[in-house]
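The block underneath contains the structure these notes are about, expressed in structure tokens.
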Amino acid sequence: MYLTFDVSYLLVLALAVPAAGFLLRTYIIFHDCSHGSFLPTKRGNTWLGMACGILVYSPFHAWKHEHAVHHATSSDLDRRGVGDVDTLTVREYAALPWRGRLAYRLMRAPLVMLGLGPLWALAIEPRFQQGNGRSLDRRSVLYTDVALAVVIGGVVWLVGWQAYLLVQLPTIMLAGAAGVWLFYVQHQFEGAYWQRGEDWSYADAALKGSSYLKLPKVLQFFSGNIGLHHVHHLSARIPNYNLQPAHDENEFFHDVPTLSFWDGIRALRLKLWDEDSARLVTFAEARASG
């Protein structure tokens, strides 16, 4: 991308599309390493995960812990808020003061979620402490920040900060927007499963609360098969390259919630969980029911 500056910046932007695809795929490898599934050994997953963490701006050990909490609490209304998209019930939203409702509306607006969300998720939030405050998590954040300062500082020294931003920013924004959307639609869709703690089931959260997002083959490649999220949540030790065979070879996976690409786009309308009807609803539907 940098070498095409002298030709046209439009060519740089065109190359940002496949570059973003490979950055997203790198994030899936990083994700698999956090589950210990990508390589046969724990040490191999750890070292590869930390290396990929530099490329995706994320501290491996801190992210690994937070993501494990997400798997243990996904679709549980009593344990929201760690590693997931903030989701309120209709009653919780109605009880907020107007400033709180405005903040929630802005946070859930597609332009904010997919426009500012990537910068927050990749560039800002991972720079601070994550996990549960363990010393390993704190060191993970610190070492990753130091490594990024050295790597980015070296690149800026070589090509200048303007060129660095003009190359890196569109790549991050595209990859980040795709990643945020994937993460959203994997658990927020028509017919999604959410339950209170006493009625929550890990298997139901995987098979009913995690979607099977059927993407065109090229998008499935760049997203590392993560659209087969129902398989992943039932058994996180299955690496991304075996998710499709696992789905195809086990009939009980064939009745899970299945979404097309456009179903995933339409799911962005869903904002609140209505406990009375046990479904995700739009703001308009929440007003009508209230």
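The values are calculated or read from the model by the stated rules, or taken from the named source; none is laboratory data. Everything numeric here is computed off the predicted structure, so don't read it as measured data. Reconstructed Cβ throughout: ideal geometry from the backbone, glycine too, with neighbour counts over all protein chains shown. Calculation scope for accessible area: heavy atoms of the full protein, side chains included, ligands and nucleic acids excluded. Shrake-Rupley method; radii C 1.70, N 1.55, O 1.52, S 1.80 Å.
Points to keep in mind about this one:
- Residue, surrounded by the most Cβ atoms within 10 Å (Cβ to Cβ), within segment 135-182, restricted to residues that are under 20 Å from ALA20 (Cα atoms) and hydroxyl-bearing (Ser, Thr, Tyr): THR171
- Picking from residues in segment 102-145 that are in contact with a Ser or Thr (Cβ under 8 Å, 6 or more places away or on another chain) and either charged (D, E, K, R) or assigned to a helix (DSSP H, G or I) (or both), the one that is modelled with the highest pLDDT is THR144.
- Looking only at residues of segment 194-223 that are in a loop (DSSP other than H, G, I, E, B) and charged (D, E, K, R), we find that the one that is modelled with the lowest pLDDT is ARG196.
- Residue pairs meeting the criteria (Cβ under 7 Å; at least 6 apart or on separate chains; first within 13 Å of LEU165 (Cα to Cα), in segment 3-17; second polar (S, T, N, Q)): VAL12/THR4; ALA16/THR171
- The residue list THR89, THR73 contains one member that is under 25 Å from TRP200 (Cβ atoms), free of Cβ contacts under 8 Å to residues at least 40 places away in the same chain and over 15 Å from the mean Cα position of the chain (by Cα), which is THR73.
- Condition check for PRO239: touching a Ser or Thr at 6+ places or on another chain (Cβ under 7 Å), at pLDDT 95 or above and buried (at least 18 other Cβ atoms within 10 Å of the Cβ): yes
- Of all residues in segment 254-265, one or more are among the polar types (S, T, N, Q), in a loop (DSSP other than H, G, I, E, B) and open to solvent by 20 Å² or more (accessible area, probe 1.4 Å).
- Candidate set from segment 86-96 (those that are outside any loop (DSSP other than H, G, I, E, B) and under 17 Å from LEU280 (Cα atoms)); member that is most open to solvent (accessible area, probe 1.4 Å): ARG91
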